[in-house]
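Encoded as structure tokens, the structure appears first; notes follow it.
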Amino acid sequence: MATSEFPAQKDGSKAVLQETTVVVFVLGGPGSGKGTQCPKIVEHFGFRHLCAGDLLQAEIESESENGTLIQNFKKEGKIVPSEITVKLLQQAMQQSDNKRFIVDGFPRNEENRAAFENIVRIKPEFVLFFDCPEEELTKRILNRNQGRVDDNIETIGKRLKVYFESTLPVINYYNSKRKVQKVIVFCQRLTDCIHITFFQCIVLISYVIQNCFCFRYMV
Ligand SMILES: Nc1ncnc2c1ncn2[C@@H]1O[C@H](COP(=O)(O)OP(=O)(O)O)[C@@H](O)[C@H]1O
Ligand SMILES: O=c1ccn([C@@H]2O[C@H](COP(=O)(O)OP(=O)(O)O)[C@@H](O)[C@H]2O)c(=O)[nH]1
């Protein structure tokens with residue numbers, strides 16, 4: 001059975017991610033609504049939401065040894081080295097009782113993707129891609145008002161450049177593997193009700209596909 005072994009635990013045991021672990025990546029430009037929609041998905045489908053950006057922010061706030069480095073990358077809109085982000089995701093998965101994860105805002109470049117697949121040894125079931133026009137991304141980020149160090153016009157420009165140059169190729173890679181479920185983001189707020197119904201459709205369709213594969217695999 002393909003499993004992913006984690007580093008030894010404090011009690012000497014090893015945490016193992018099993019083949020049954022389900023990972024869904026959620027990608028899209030900064031401000032496309034990933035963080036707004038993911039809690040709705042987990043609420044209705046029992047996934048654990050892991051936001052890579054939040055895990056990195058928690059490292060900054062805990063003043064860990066990598067905190068300053070992460071803060072500097074974030075201020076510049078650059079992608080934090082893969083080993084840091086993958087380790088944080090791996091630890092969060094390891095510590096969770098849930099086996100189904102929505103990983104939000106990761107992988108942001110090819111190096112992230114390869115590091116996750118090589119270290120965690122799990123490929124995503126599918127990728128939700130929030131496709132949102134650039135002007136709308138900028139508008140939403142400037143209106144976010146969460147006091148973030150990177151939500152200013154200068155850093156937004158850098159983040160968008162990184163998104164188009166580094167993250168879109170990852171989305172294209174998964175698209176070539178037929179794993180991308182594209183979500184067209186409209187330029188106005190839809191009602192919560194419509195969002196949930198829409199995501200129910202996407203996730204249910206994906207589960208039907210997944211279960212078909214499982215049956216074929218078992219036969
Ligand atoms: N459908 C929408 N219409 C308008 N604004 C939205 C919509 N979805 C999210 N927002 C707002 O846009 C901003 C960015 O959304 P967020 O979920 O934080 O994006 P991301 O996690 O992709 O960076 C937030 O202020 C959020 O409230
Ligand atoms: O896997 C990740 C996720 C986030 N970041 C850093 O964290 C910032 C904010 O990311 P987040 O997902 O919180 O916000 P978004 O850019 O999607 O609005 C990014 O610009 C990067 O500097 C990163 O390096 N790797």
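Bear in mind these aren't lab numbers, they're just calculated from the coordinates by the rules spelled out. This is a predicted model, so every value here is computed, not measured. Virtual Cβ from ideal backbone geometry, glycine too; neighbours counted across all protein chains shown.
Quick notes on this structure:
- Within the stretch 43-64, being out of contact with any Asp or Glu (no Cβ under 8 Å at 6 or more places or on another chain), among the hydrophobic types (A, V, I, L, M, F, W, C) and within 16 Å of ligand 2 (Cβ to nearest atom) holds for Leu55, Leu56, Ala58, Ile60.
- Across the stretch 146-161, the number of residues qualifying as part of a helix (DSSP H, G or I) and either surrounded by fewer than 18 Cβ atoms within 10 Å (Cβ to Cβ) or polar (S, T, N, Q) (or both) comes to 6.
- Looking across the stretch 120-133, the residues that are surrounded by fewer than 19 Cβ atoms within 10 Å (Cβ to Cβ) and within 13 Å of ligand 1 (Cβ to nearest atom) come down to Asp131, Pro133.
- Within the stretch 78-98, residues that are over 21 Å from Asn109 (Cα atoms) reach partners that are of a type in the set (Lys, Arg) with beta carbons closer than 7 Å, at six or more positions or on different chains, in the pairs Ser96/Arg48; Asn98/Arg48.
- Long-range neighbours under 6 Å by Cβ, at least six apart or interchain, first residue within 23 Å of Thr36 (Cα to Cα) within the stretch 110-137, second surrounded by fewer than 14 Cβ atoms within 10 Å (Cβ to Cβ) and among the β-branched types (Val, Ile, Thr): Asp131/Ile184
- Residue in the stretch 140-160 that is nearest to Ser32 (Cα to Cα), counting only those that are among the basic types (Lys, Arg) and touching a residue at least 40 places away in the same chain (Cβ under 8 Å): Arg140
- Taking the stretch 136-145 as the range and being near ligand 1 (Cβ under 9 Å from one of its atoms) and in a helix (DSSP H, G or I) as the test, the residues that pass are Glu136, Leu137, Lys139, Arg140, Ile141.
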